Amino acid sequence: MAALKEKFQKEFGDEEWIVMAPHYKRGALILVDDNLDIIDIAIAVAEDNSTLIQDLITSGKLKKPTPEQVSVWEKQRTRFEFVIVQPFVLAREIGK
């Protein structure tokens with residue numbers, strides 16, 4: 001787990017919506033709730049912790065963006081912090 005944490009910390013980044021858009025279009029963009037550690041969630045996904053992931057989806061703490069959110073992001077040059085866990089991109093809005 002330590003190796004995964006180090007890997008994801010090194011790969012963690014931030015970008016504007018334009019970089020996230022292709023991942024959204026292919027259905028791979030997953031939003032992570034502000035109260036969760038995005039690196040811990042990346043590790044859970046990589047380790048296939050399906051029980052935790054399902055609980056987070058059910059509670060709405062992990063979800064796909066809505067078309068309404070996307071519309072706002074496209075207009076406002078919103079920035080995101082993110083990490084890639086193939087085939088997914090885990091992201092969180094961090095502002096403009």
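Would you say ASP34 is in contact (Cβ under 8 Å) with a residue 12 or more places away in the chain, surrounded by fewer than 16 Cβ atoms within 10 Å (Cβ to Cβ) and among the charged types (D, E, K, R)? First the steps, then the outcome.
Working: in contact (Cβ under 8 Å) with a residue 12 or more places away in the chain: yes; surrounded by fewer than 16 Cβ atoms within 10 Å (Cβ to Cβ): yes; among the charged types (D, E, K, R): yes.
Yes.
Could you please find all residues in the stretch 10-36 being assigned to a helix (DSSP H, G or I) and touching a Leu at 6+ places or on another chain (Cβ under 8 Å)?
MET20, HIS23, listed by residue number.
Against the conditions (1) more than 15 Å from ARG92 (Cα to Cα); (2) among the small types (Gly, Ala, Ser); (3) surrounded by 11 or more Cβ atoms within 10 Å (Cβ to Cβ), where does SER59 fall short? Just the number, please.
The number of the failed condition is (3).
Quick one: which of ALA28, ALA46, ALA42, ALA3 is exposed (fewer than 15 other Cβ atoms within 10 Å of the Cβ) and of a type in the set (A, V, I, L, M)?
ALA3
It is to be established whether one or more residues within the stretch 57-66 are out of contact with any Lys or Arg (no Cβ under 8 Å at 6 or more places or on another chain) and in a helix (DSSP H, G or I).
Yes, the conditions are met somewhere in the stretch 57-66.
Throughout, read-outs are computed from the coordinates displayed, never taken from laboratory work. All values reported here derive from a predicted model rather than from experimental measurement. Here Cβ is always computed from backbone atoms with ideal geometry, including for glycine, and neighbour counts include all displayed protein chains.
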